[in-house]
Amino acid sequence: MKIRLRHIIIWLTLFGGTNIFASHILGGEISYKHIKKNEYKVTLNIYRDCNGCKINGYGGGSTSENCSEIDYIYVKTNDDTASKEVKFALKRESIADISPVCRTKISNCLKNSNTIFGTELQTFSATVDLDNEIIKGFCKYIVYIVIAERNSNITTGQAKQNFCIDAMINICAGKVNNSPDFISKPTFIYNSNKAVYQTFGTTDNDNDSLVYTLTPALTGLNKEAKYNSGFSFNKPLSFYCPENPCLPDKNASIPIGFYFDSNTGENVFVPVSESERAVIAVKIEDYKYISGKWILAGYIKRDIQIYVKSNEGNNSPVFTSKNKLEVCEDEEIELKITAKDDKNPLTGNYDSILFAAKNKPENSDFLQYTQTDPPYRYAVFKWKAPKVTENSKTYSVHINATDNNCPLNFTSYQNLTIKVYPKINLKIVKNNLGCGNYEIKAQDAESYSNYELKIFDLKTEKQIFSTAKLTDTISNLLNAKYLIKAQITNNYGCVTNITDTINNYYKSISIIKGDSVVCKDLAHQYIVTNNIHQYAQTNWYFENNFIGNGTLTTSFNQNGSLKAISNYQKGKWNCSDTLLKTIEIMEQTEIISPDKIYLCHNTGFFDLSKIEILPQSGTWSSNSSLLVNNFINTNDSFPYKDDSLTILYKVKNSNGCESVKKIDIKIKEIPEFELSSITICENSTAIWLNNLIKKPYKKLDYNYNWKIYGYNGIIKEVNGNKYVLSSDLGLGIHKLSAKITGKNSCQNYDSTIIEITPTVNIKLENEIELCQNTGIVDLNKISGITPSTGTWSFFDFPLFTDKNHIKTDTCGVFEAIYIYDNYGCYDSKKINIKIACSPKISSNIESGNYCENKLPFKLEALPANGTWESKFVNSENIFNPPETENTTTYNVKYTINYEKCLFEKNIKLTILPSPKLKIVSNKDEYCHNEPIILNGKITKADNFKATYYSKTWNFENISRVLPVNDFEISQANFYNSKPLKSQKITLSVFNIEGCTDSLTLDFNVLEAPQILNFGDTSYCEKPINTILPSVKYNGSKKLMYHWENNGIFISNQKEIKSSALLPGINSLKLVVSDGMCRDDKLANITINHSPYVDFMVIPAETVSILNSELEFINLSENNLNFLWNFGTKQSNNTSTEKSLKFKFNDTGTYYVKLKGTNALGCYDYFFKEIKIIPEVLIFVPNAFSPNNKGVDENNTFGVTINHYSQFKISIFDRWGHKVYYSENASERWDGKSGEVKCPTDIYFYNIEILSVSGNTYKYRGTITLIK
């Protein structure tokens, strides 16, 4: 380890390392707000200790040290499909002193400070566009920043580790989302052994569901910080907990454990380790309810460093008022907010408390009042609960209480949760059923627990009706006014009261619905309705003649009276109405017209006014879209099939009666017709017009009419086929049109063109001579050939790249053909093309990279007699540019005239700066494992290489001009090689251009011990292991050993035991020396705690064989592998379940063992003694002496027994005579048979026992009577 650290120091010295200061970052958080589309404003809050270095050169405090720059925020996609990243520039928005000092103190973030404490908030922001080309198209994005580094004084494991904070945005989770906002600044300083009441609570304007969890601190994205043994992200510091396992209880007189509320972010605990510095990190997840499930819309985090200072007697304020309320909407709330702050035992004073509230609901008041008793203030929260539309709505008011202790205030936080339940929006609907009968219905009355409605006579104020039904009827009300009172209570206990009235004055509410004036013989419908029945029970009469019942559909041919007799019935009441309606008859008009009309497709819009129809005052209508403003549209995109539609002609006369006539329209198909165009040479023969018909395919089924525009000649015909001659038409484009007539007399039209082209004559102006390797040449341009739109081709060589261009990458004389084809007018010409061959130019220097130590160059080339051209080539063709510090490129050209063509060769010479190496060793003799020290100077180099024992070290990115001071070459890699008196090191330097320099150094090497097989590892507390690294040494001297743990000497033996080390990480150092040369190694040896293993037995550890199935409840820590051994010979004696039930099949004492093994392989055992006793326990002595000598128990014979319901004992002498009998187990035999004493002898007993469970047990044996 020593050699490794020295290499790091030399690396910084040799290769331009920089000083690094701890940034004293106390923590931070990231939040985000939506701007537009996928653009967000991201805010970064960084909390800084003003005793530490400054950020970007900004911040309070007296230090001049500056930390790493905070310039960018990083955004990375977080999808399964891909992962991309981009950075966005940060700008500083503000710097604020947030030190919790009292008013008489000035924090050390400010000038004229009179305290050692100071905390500063620096706020940065960036505009983040998630539609950036690199990262767009994903759902989830991680926003993060990494800062070096955390405070070196952190005691729980994160010291000097990087600080990383991140947040997540899911743009696919419904509508745009804003992150929650923290309601308070974090607390960084705690008093030891004093309760801390703090909150990580947030507000969310999107009304999303928030989940709070403790989360690991990060050193980089997805890289968790390391914690010391005994600490973790959910046990971040030492806190008060008197029992194990530790069950958090924030309401205990001294809060127990580390309480953290996942619903509110409330955090309560008592820190117990003075001067402890720790990190607490919290994650707030933001969920949206979308399509029946909860979707994670994003998260934010807060990561803070805290310091537990010595207890100065100050106590945190403790809230004593309620933190939860449940109320109904419209309920007036007035809650007194109180807290206590115990007397400071060091000063004997009480602090005063100042209350404040955040996130108050709209229209609420938070007022503070003074009082004479400590803590001298209280607050009152007033609010009228608003209407709610959901089942309930929860409001959170974040309240803090801050004392006035000096120099540091302490603030406690409480989240007041108010759950507002809705009332039922009750409405009373009164349906007048007629005849003094009403249906009373409670509307919108769902999810209720109690309902009552009462009706009172307003005049007498007497109650006349009461019901608990949501729908009920009241009958036979007198003509009067009545008062309705209704009360309903919902399942939340919220009560709604409502009043209404009934004005009952009988009036028939039945009506006949239907027309009074009707057209003759036209059917009409009639119904009778009231406000409770859609259809009444009705009988119908016309002129007193019965014509139907129920709903009436009928026609009339005369005027008259329509009568309806209706009966209404519901419950205990009935009502009857007789209604009359006068019917007046109107006459209709007759329509005269054809029944069918035939049209052709694509003949435009047919005017319906052309149809002969009477009368002509009617209107046209149809369900077909072909009827438009009294016109039939015959145009169709597919007119080659018949179509039909039906139209209606309606006429309404002066009486209002309407007559309707239906007419069928058939639109006939037209022939499908299409012509093709033709281009033909002027010397061609006939043009057959029938051959230009593409459609129809059966050409002879139709008649054609042809026309050529501008042509006055006759279109000729042979066997019904029409044709014209190209010579008759002449050069140019001629338009041809034709009309086709089908068998159904419907016609169609089409037109096309006939193009007549002239003959061709090719002409060549210039001979074609080219130079090789002059690129691609346009033959049409250099030859002047006409027409220029023909095609070139070779007989035997593919020189052409297209129809006009030729390649010159070969040479010789080639025969080509030039062809021009103008729609059958054709000409061709053979042409020779000569391409002069390029000479092969060779040179002694080719294009490439050359180190400057290879200069100068003598330039030579063949064929000779050419010319060299370059700025640094002299008359003797010597190339010698000046020395350079940087890579420089020079262009050199060689030109020669050959066969009327000028040929050249271009050479690009890149001259690279060459490095120089001048290094010496500081002595001539080294131990085998001792680094070799080198000094000297390197110039123009980027990389350094040292070769020793065929091993090469490569160091990259060194300075171009670099002094080498005490550079070390380690020999640790060559312990397996035999040391030699004479050794060599070859040193080489390289630059990025590829140029080198090297030298060789000579020295002597001595033997040194070598420690093998000693590195970082871990052991469990159990079992104890021997740590014995092997040492390779070929010398004759005695080796000496020296062990250190965390810098403290622990042994000079060759080996040590793992029991000599402490649980956790032990920094173990071993030094082995022969007095001249030595070797030392460092290793982190982790001693892992044995897991906590425990279990309990239900119902007891000693039970009867009748209840021998016991439940074993595992109380061990989580995440262990378990092995049970119940100490029996049963087949199921072992198990790997966590908790289980086990039945013992026999009585006896069993030792049950539970072994728990964690993921590291560490284990521990826990044992319990289980006793399975018989159902009946009995003790029978085998002798007694009824001589009244000795102890009383031996003077009589008796049985000890329990768990029985009946008992019988008989005792016999050796001849079978019964000498004693009893059914009382507590009775004892005195050795007599009646009044006669029995002699000394052996006697026999029979015992019969009935157990409590009804089982019978029999025992036989002998008893010796001794005198």
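Rule-based calculations on the coordinates, nothing more; no lab input. Model, not experiment: these values are computed from the prediction. Here the Cβ is made from the backbone with ideal geometry for all residues, glycine too, and neighbour counts use every protein chain on show.
Summary table below
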{"quantity": "Convex hull volume per residue for segment 842-912, taking Cα atoms only, in Å³", "calculated": "79 Å³"}
{"quantity": "Rg(Cα)/(2.2 N^0.38 Å) for segment 312-422, N = residue count", "calculated": "1.21"}
{"quantity": "Spatial separation of Cα centroids for segment 334-392 and segment 196-234, in angstrom", "calculated": "28 Å"}
{"quantity": "Residue-averaged 222 nm ellipticity for the chain, from DSSP H runs of 4+ at -39500 (n - 2.57), nearest 500", "calculated": "-500 deg cm²/dmol"}
{"quantity": "Straight-distance crosslink candidates among lysines, where the alpha carbon sits under 20 Å from K694 and sequence neighbours closer than 8 are dropped", "calculated": "K641, K707, K722, K735, K739, K743"}
{"quantity": "Share of alpha-carbon pairs per 5 Å distance bin for segment 20-311, given as whole %", "calculated": "1, 5, 11, 16, 18, 17, 14, 10, 6, 3, 1, 0"}
{"quantity": "Tail fraction, Cα-Cα pairs, segment 151-250, threshold 18 Å, whole percent", "calculated": "64 percent"}
{"quantity": "Per residue Cα convex hull volume in Å³ - calculated over segment 34-88", "calculated": "119 Å³"}
{"quantity": "Cα-centred dipole magnitude for segment 378-426, charges only on beta-carbon of K, R (+1) and D, E (-1), debye, nearest 20", "calculated": "380 debye"}
{"quantity": "Cross-link reach list, aspartates and glutamates versus K485, counting only Cα pairs under 18 Å and skipping chain neighbours closer than eight places", "calculated": "E439, D444, E452, D457, E461, D472, D500"}
{"quantity": "Nitroxide proxy distance, nm - points 7 Å out along Cα→Cβ at K596 and I333", "calculated": "8.3 nm"}
{"quantity": "Overall Cα dimensions of segment 1128-1202 - principal axes, largest extent first, Å", "calculated": "70, 23, 18"}
{"quantity": "For segment 600-670 and segment 1218-1233, distance of Cα centres in Å", "calculated": "129 Å"}
{"quantity": "Assigned charges on the beta-carbon of Lys, Arg, Asp, Glu; segment 170-321 dipole about Cα centre (debye)", "calculated": "320 debye"}
{"quantity": "Segment 461-472 - phi-based ³J(HN,Hα) in whole Hz, Karplus 6.51/-1.76/1.60, Gly and Pro as x", "calculated": "6, 8, 6, 10, 7, 8, 8, 10, 8, 5, 10, 8"}
{"quantity": "Farthest positive-ward along segment 1010-1088 dipole, Cα basis, beta-carbon charges - from G1015, S1059, S1036", "calculated": "S1036"}
{"quantity": "Segments 267-279, 1114-1126, 756-768 sorted - mean Cβ within 10 Å per residue, highest first", "calculated": "267-279, 1114-1126, 756-768"}
{"quantity": "Protection-proxy order for peptides 873-884, 779-790, each taking the mean of Cβ atoms within 10 Å per residue, highest first", "calculated": "779-790, 873-884"}
{"quantity": "Cα-Cα over 23 Å, subset of K160/K1054; K175/K324; K250/K340; K140/K288", "calculated": "K160/K1054; K175/K324"}
{"quantity": "I353 long-range amide H proximity, modeled H, under 5 Å", "calculated": "R377"}
{"quantity": "Pairs from K309/K336; K235/K1057; K185/K309 whose Cα-Cα separation, in the structure shown, is over 22 Å", "calculated": "K309/K336; K235/K1057"}
{"quantity": "Under 14 Å from the E1101 label point (7 Å along Cα→beta-carbon), backbone N, segment 1116-1135", "calculated": "none"}
{"quantity": "Part-to-part distance (alpha-carbon centres) for segment 1092-1153 and segment 397-426, which is given in Å", "calculated": "50 Å"}
{"quantity": "Gyration tensor verdict on segment 198-282 (Cα atoms; rounded if a/c is under 1.5, prolate if a/b is larger than b/c, oblate otherwise)", "calculated": "oblate"}
{"quantity": "Cα-based reach from K803 at 19 Å (exclusive), listing lysines while leaving out same-chain residues under 8 positions away", "calculated": "K763, K781, K829, K830, K834"}
{"quantity": "Members of K513/K596; K840/K908; K662/K695; K54/K358 lying beyond 28 Å, as alpha-carbon distances in this model show", "calculated": "K513/K596; K662/K695; K54/K358"}
{"quantity": "Order by protection proxy (mean Cβ within 10 Å, highest first), peptides 163-174, 551-562", "calculated": "163-174, 551-562"}
{"quantity": "For segment 1094-1193, with +1 on Lys and Arg beta carbons and -1 on Asp and Glu, the positive-most of N1133, I1173, N1145 along the dipole", "calculated": "N1133"}
{"quantity": "For the chain: span of alpha carbons on each principal axis (Å, largest first)", "calculated": "168, 142, 92"}
{"quantity": "Sequence-distant residues sharing a close amide H with N56 (under 5 Å, placed H)", "calculated": "C67, I70"}
{"quantity": "Rounded to the nearest 20 debye, dipole of the chain from Cβ charges on Lys, Arg, Asp, Glu", "calculated": "1080 debye"}
{"quantity": "Dipole axis of segment 795-919 (+1 Lys, Arg; -1 Asp, Glu on Cβ), positive-most option in P915, C837, Y850", "calculated": "P915"}
